[in-house]
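**Q** Before we start, here is the structure in question, set down as structure tokens.
The values are calculated or read from the model by the stated rules, or taken from the named source; none is laboratory data. Everything quoted here is computed from the prediction, not taken from an experiment. Glycine gets a Cβ as well: all are built from the backbone with ideal geometry, and neighbour counts include every protein chain shown.
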Amino acid sequence: MEESTAREKILKKVRDALIEKTEPPYPIIDQDSSVYREMTGPLDVTFAEELVRIAGKFVYCENEDEFIATLQSFILEKDWGLLFCQDPKIHHLLKAAGIPFESHTEVILDARIGITRCEYLIARLGAVMVSSRLCLGRKITVYPEIHLVLAYTSQLVPDLKQALSNLKKKYRDNFPSMVSLISGPSRTADIEKTLVMGAHGPKELYVFLIDDSTPAT
């Protein structure tokens, strides 16, 4: 009898709660406003700072000629050797400069340096967005020991929301099957809390940012 009475009391409270309208205990949550503070600095500066903070390397180039000159210098100074590239748009730049490269998929496992383009650079995160729609495949961002990214200032966006919005407008009904963010070199501390670089991908990440805000003269 006591159990029945206790059950009835609980059910009565539930019925009363459903009948009587009460004010919500919490204010209405704003799901539209950004959770981040507004960025006040230039996007390229913010991106560079965040990329370096997560162990990436940032190289600013005023134009494509400076990019080629810098790349040639790095190849010699760092003894990079042959580049691996499957992107026809980058092939054009490399061929014009006489920089040798390999593009056959069967040698990718032995490739030490891979160079690709990207979809967008996310300033707030210092991250590089790539997708399956680019002419680079999925392996080239993982297998080479060193990953070089060629990007332009017009690809800079403040945050991930803007990058995804731009991507939807860019591809419309043919959205990429894979979209990924590269946030610095591959690293892990799963084993004895010791940081290991290059555990699941490249040990080094270089982003070459070419300024395309001013038309070439």
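**Q** Take the range 79-101 and flag every residue that is exposed (fewer than 14 other Cβ atoms within 10 Å of the Cβ) and under 23 Å from the mean Cα position of the chain (by Cα).
**A** Within the range 79-101, P88, K89 qualify.
**Q** Is there a residue in the range 119-126 that is surrounded by 20 or more Cβ atoms within 10 Å (Cβ to Cβ), in contact (Cβ under 8 Å) with a residue 40 or more places away in the chain, not β-branched (V, I, T) and not in a loop (DSSP other than H, G, I, E, B)?
**A** yes
**Q** Identify the residue in the range 22-39 that is surrounded by 10 or more Cβ atoms within 10 Å (Cβ to Cβ) and of a type outside the set (F, W, Y) and, among all such residues, is farthest from P185 (Cα to Cα).
**A** This residue is S34.
**Q** Could you list, in sequence order, all residues of the range 63-84 that are touching a residue at least 40 places away in the same chain (Cβ under 8 Å), in a helix (DSSP H, G or I) and under 22 Å from H104 (Cβ atoms)?
**A** Matches in the range 63-84: L71 only.
**Q** Within the range 40-75, restricting attention to residues that are over 16 Å from the mean Cα position of the chain (by Cα), among the polar types (S, T, N, Q) and at pLDDT 95 or above, which residue is surrounded by the fewest Cβ atoms within 10 Å (Cβ to Cβ)?
**A** Taking the candidates together, the pick is S73.
**Q** Another question, if that's okay. Condition (residue is surrounded by 19 or more Cβ atoms within 10 Å (Cβ to Cβ), of a type in the set (V, I, T) and at pLDDT 75 or above) applied to the range 177-193: is it met by at least one residue?
**A** Yes, the range 177-193 contains at least one residue that is surrounded by 19 or more Cβ atoms within 10 Å (Cβ to Cβ), of a type in the set (V, I, T) and at pLDDT 75 or above.
**Q** Something else: Quick check on K169: is it basic (K, R), in contact (Cβ under 8 Å) with a residue 40 or more places away in the chain and either surrounded by fewer than 18 Cβ atoms within 10 Å (Cβ to Cβ) or over 19 Å from E204 (Cα atoms) (or both)?
**A** no
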